[in-house]
Each structure stands twice: as C-alpha cells, then as structure tokens.
Amino acid sequence: MQAPMMQDVVSGEQYRYALTNFRIAHEKVEEQRGQLEEQERQVAQLRARIAQLEGTSTLALENKGKGGNTVDDFSIKNAASQLEKMINRWASDLVRSPPVPLTALCKAIVSDLGSGPDVPRYEGTSMQVQALLRHALAETISEGIINNLIVTNSPEANVQLTRIHEHIFSRDPTVACVWRRQTFSAAVETFSTEMTLTTLREQLPELMKHLDRTIPISQRTPILESAYLFSRMLHGQDTSMGDAFYRAFVPELGGVLDPRQIELVKRCMKNERGESDRVGATIFPGLVKLTKGEPFPGLQSEAIQNIVRRAQVICECALNSASSGPPSIAGTPTPPQVPGHVYNHQVPASPPMTLGHNQHASLPNHHGQLNGYQY
C-alpha cells in the first residue's frame, strides 16, 4: 500500500502576504520603467536641441540608416561600391559605342592625366580605354567633388570655402567639423548640369572636347550627382563622428603598387613572380579618414590617417595583357634601344599614395602638411 503524497500547504495569511509583496514589486518595476522612458525622452529632446543649434538636424536625419545608425565606415564602403558600379557601367557603354576612335580617347585621357617618364604606354585597346575612362572619372570625383567642398554653384566660392575650412582645420579640427556640418546644412541640394560641365571641363579638358559633341549631358549627370551626394554624406555627418575628416586619393599612372593603399582588381603576374609592377589605372579612388591625435607636451598633435577604403587599381601588366603588340600611346616616346645591350627596367622610386596628377595631396608627408591641412 502506497503512502499518501505530501502536499505543500500554506496558510491564507502567508498567501496574502506573498501576493501583496508581488504586487508591490510589480508596481515598483513599472514605476522605474516609466522613469527610464521619461529620461530617454528628455535626452532625445536635448540631442535634438543640440543638433538644431549646430545646424545638423536635417543632415542627421538624412544620414541615418534603416536601423537608426549614423553614417559609419561600413555604410561609406557600401555607398562607394554603388558609385563604382555606376562609373564602370558608364565607361563600358562609352567603349561599346565610342564617339571617336578609341585611340583618340586614349590620347585625350593620357593628356589630361599628365605626362612624364613614369606614365605607362597604351595601345588604345577597349580594355585599356575603359580602365582609363574610369581613372579619369575617379580623378574628377576625387579632386573636383570630394576634396573640394561643394557648397554653392559657384566654383570660385567653393574654392574659398575649402580654403577657409583648411585654415580652421589646421587650428582646431573639432571646430572645423562643426563649421563643416553647419555649412553643408545650407549647401545646394543638387549637382546641376552647369556644375557638371564646369567640373568635367576643368578636370578633363581634352577628353571633353570629344564627349561634348556627342554625349548627351543627361548621361553624365547621374554619376556626378551621386558623387556629390556621396561627398555630402562624408562631410556633412552628425556629431557622433567627432572631428574626423575624409579625403579621397587616386594613385598616379605609373605609380608604385602599395598594398596598404591599393587593392588590385585583376591578377598581377609580375607581383606573383616577385617582380615590380606599376599602376596601370585607378578605377575608383581610395578614402582616408583624418583625425587629430593627442598632443604631446611642447609639440603639435599629428594627424592620424586611417585608410577606410583602398583605391581600386589595375596593374600595368594586367592592363597590357590583352594587347597584341608593343604599346604605342604614352606621355613620352620610348627610349632608343641599343643592340646587344641588356636592359633592366627598374620602377623609379616615388612616395606612396600620390593623390593626383596635380600633386594635390600625398601620403606620407614629411613637411607636416596634407592637402593644405597644417598640423
């Protein structure tokens, strides 16, 4: 016979006491939750007031993603990838239906990008012209839009505003960051057709002589318009990014391949054999984020340079791999060859990360200055 099971039984007084304590604890939790919600509302109002005083309330809303996060390096990389696809599509369409012979386009691009002993020699093949077109547009976006603060539709006024920002940034990057956000809160909303033509003619005068007569303006505007929005995203961020400042850089034609600053989009056979190779074309600019380090006693603080996105580059050997003969287009003629002499072509030494053919900016800098930003 089984013994009867024991049951836990409490008195009515103990039950009422436990129930009362549970109700009191629940009320306390609800009261604390209400206090936290009120604190969050007050903090949100305070942040909105600060953003309004700084002139960033509109841009802060524009720069927030689906999850409410502000612009960060990851979203910058995604936006850059979308812009890169647009440039590639434009270049491929232009090569597929060129307004003039490809050799003429090639000569015009090489003329715009600069000439010298380091410039590679090109045949003018479709692959080379497409890569050079992307390099030309990357140079235009870098020097004409990202590195030049586009605030008004006047190029002269934009140059002056860029110089003012350089002066402020050299003294106090935090103040420059606030000034930059306030300035971009009143910037032009769109990159007009006139601004597009002015920028292209300034950066690519020889190439535009061929494109102006044949290519409708509407086909070029979306790329520079997207580049302008990308620039506003970089320069008009909210206060969560501190005093960071973004600059674009484009490795020169014939420059040194530095793996810290470039990313090869095609396989480099010379590099795999341990040989030196050079930049054949830069198909999309790189991005570097500048911040100011902690100052040392008696010394000025130095700039901290963090490469957010490496420049997308095709090496010279990959660009010439599809050629059927010796290159024929270059900035300088081929040096004469002496029969019986063995030539050992060495890549000339040059400082890494040259940011444009006009020497607008380069890394590293031994004079304490980057793009006019003195530290």
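Which net charge results when you count Lys and Arg as +1 and Asp and Glu as -1 among the other residues whose beta-carbon is under 12 Å from that of N21?
Taking every other residue near N21 into account, the sum is +2.
Residue by residue through the range 261-271, what is 3J(HN,Hα) from phi via Karplus (6.51 cos²θ - 1.76 cosθ + 1.60, θ = phi - 60°)? Round to whole Hz and write x for glycine and proline.
Values per residue, Gly and Pro as x: 10, 10, 10, 6, 8, 10, 5, 9, 5, 4, 5 Hz.
For the pairs K85/K107; K266/K292; K266/K289; K85/K292; K107/K289; K209/K270, flag any whose C-alpha to C-alpha distance is greater than 30 Å.
Those over the limit are K266/K292; K85/K292; K107/K289; K209/K270.
Kindly put Y17, Y228, Y122, Y246 in sequence by how many other C-beta atoms sit within 10 Å of each C-beta, fewest to most. All intermediate terms of the calculation are to be shown ahead of the outcome.
Numbers: Y17 12, Y228 24, Y122 28, Y246 21.
Going from sparsest to densest Cβ surroundings: Y17, Y246, Y228, Y122.
Would you tally the net charge around T103, using a Cβ to Cβ cut-off of less than 14 Å, leaving T103 out, and scoring K and R as +1, D and E as -1?
Local net charge: 0.
Which residues' amide hydrogens lie under 5 Å from the amide hydrogen of E252, considering only partners 5 or more residues apart or on another chain, with H built in the peptide plane?
Excluding prolines and chain starts, which carry no amide H, the hits are T354, G356.
Throughout, read-outs are computed from the coordinates displayed, never taken from laboratory work. If you're wondering where the values come from, they're calculated on a predicted model, not measured in any experiment. When we count neighbours, we look across all protein chains shown, and the Cβ atoms used for this are built from the backbone with ideal geometry, even at glycine.
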